[in-house]
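Reviewing the structure listed below.
Each reported figure results from applying straightforward, stated rules to the coordinates on display, with no laboratory input. These numbers were taken from a predicted model, which means no experiment stands behind them. Cβ atoms come from the backbone with ideal geometry, glycine included; neighbour counts cover every protein chain shown.
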Amino acid sequence: MKKKVQITETVLRDANQSLMATRLPYSDYADILSTMDKAGYYSVECWGGATFDSCLRYLGEDPWERLRNIRKNMPNTRLQMLLRGQNLLGYKHYHDDVVEKFVELSIKNGIDVIRIFDALNDFRNIKTALEATKKYANKRTVASGCISYTQSPVHTVAKYVEMCKELKNMGFDTICLKDMAGTMSPNEAEGLIKGIKDAIGEMPIILHTHCTTGMAYMTLTKAIESGVDVIDTATSCFSNGTSQAATETMFYALQQYGIDTGLNEEVINKVNDYFKPIKQKYIDSGLISPKSMATDSQALVYKVPGGMLSNMIANLKDMNAMDKFDEALLEIPNVRKDLGYPPLVTPLSQMVGNQAVTNVLMGERYKQISKEVKNYFKGEYGIAPGEVSKELETKILGEGGKPTDCRAEDSKRTGEEFKKAKEALGDLCRSEEDMMSYICFPDQAEKFFKDRLAKEENIATYTITEA
Ligand code: CO
């Protein structure tokens, strides 16, 4: 067994996102950051994912200012973000110049580790973000290539090993396996990590999983036995359920094996003590629901992630068609096969689920095809992992129709998006960071900038009156 395994703490990003819809404001954790800085984590995941959108949309916070504040209070710890490749933090493909500027500003404002993924594992979609990371890298910068993990007949160990080789050749510094649905079993982890380690040697491998189905601790233990280098965990009061495995628990178990995590026990316990009343506050307010804290093994039975299942039930209830539930559930694997086995992660999980429901309700398969499924076949999301249904492809693209090259659109470097943002915002835009917030989330950003101005004017009026 390895002598050293490092820990990424996720409480500020994924645990926050998984348990409480990313509504944790900076003010709740500002006071613990300097303590967290002494914990000895490999990194603290604190930005990207849904945090950016949530700052602007719900919390009235400038996401860039949040990042700078974390940086200031945690000068010694690697700060980590999650980036959806060419989609940045949203769902559309941005132009290359936008992706490059976003990465440049992320590093400039304090990010060290950029974990870059694409929902379909189409690595054309993460290449620009990687190149930008390398271009603007400082001594601490780490470009982490991330694979969306799923199970299907085309997702074999050999296929994952190929993906890892490709990420290594592209120039990534580390590789992360991202099991967003928490469906990776201990047995699968063992086969995968051993296979990957044999193929790519010394390059660090990271495992990111969730406790959703109850397997995470077993899976992490097997992964560590098999040679994984870094695991993602959350401080224990923000662990389990749909979140990550508990930091202190893994620390305790690994210590008995003589595995050095580099963590300071006293500090990680202090971190947990700090977050306990914060968690209680959000349980009391209803933001953290008992459902998100429980183990849900349905994903193992139905081979469908928990979130996708509850989404489908809600849709069927809306249409008064819960009697079609079993039929719709059986239709999901068929639709997924026709689409060439995409990983069931946003936005593909919704796409597959909705089409399965439509097929069942219409009483005929693909009598009605959603806009999203059509765009998927047109190639707008990237290349499907496996063969798509030729029949359905012809139905959507016409005889001999071929998917478009998604790079043709997003490879642009015209400066057009920057110009549009500056024109729309005028004086409201005070920095490149403001401009980027607007490009990513125009409505939310503009509202935030207006509120910011109004707040300042109020303060100015108040100060004059006082004087
Ligand atoms: Co996650």
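Just a few scattered comments:
- Order of ILE114, ILE369 under a 10 Å beta carbon neighbour criterion, fewest first: ILE369, ILE114
- Amide proton proximity set for ASP232, modelled H, under 5 Å, gap of 5+: THR8, LEU207, THR209
- Relative contact order of segment 302-367, taken over Cα pairs closer than 8 Å and 6 or more residues apart, is 36 percent.
- The residue list CYS55, LEU33, VAL99 was ranked by how far each Cα lies along the charge dipole of segment 1-104 toward its positive end, using unit charges on Cβ atoms, and LEU33 comes out on top.
- Distance cut-off 38 Å, percentage of C-alpha pairs in the chain lying past it: 25 percent
- Relative contact order (%) - the chain, alpha-carbon pairs under 8 angstrom, separation at least six: 17 percent
- Distance between segment 148-202 and segment 391-450 - C-alpha centres, whole angstrom: 31 Å
- Using Cβ point charges alone (K and R +1, D and E -1), the dipole size of the chain about the Cα centre works out to roughly 480 debye.
- Rounded if a/c under 1.5, otherwise prolate or oblate - segment 1-43, Cα gyration tensor axes: oblate
- Listed from fewest to most Cβ neighbours within 10 Å, the set THR209, THR261 follows the order THR261, THR209.
- Along the axis of the charge dipole computed for segment 85-218 (Cβ charges of +1 for Lys and Arg, -1 for Asp and Glu, origin at the Cα centre), the listed residues SER148, ALA199, CYS176 are led at the positive end by CYS176.
- Gyration tensor (alpha-carbon) shape descriptor, segment 210-269, a/c threshold 1.5: oblate
- Cα gyration tensor shape of segment 43-142, rounded if a/c is under 1.5, else prolate or oblate by comparing a/b with b/c: oblate
- Helical runs assigned H by DSSP (4 residues or longer) give the chain a calculated mean residue ellipticity at 222 nm of -15500 deg cm²/dmol, each run adding -39500 (n - 2.57) before division by the residue total.
- About the Cα centre, charge dipole magnitude for segment 1-65 (Lys/Arg +1, Asp/Glu -1 at Cβ), debye: 500 debye
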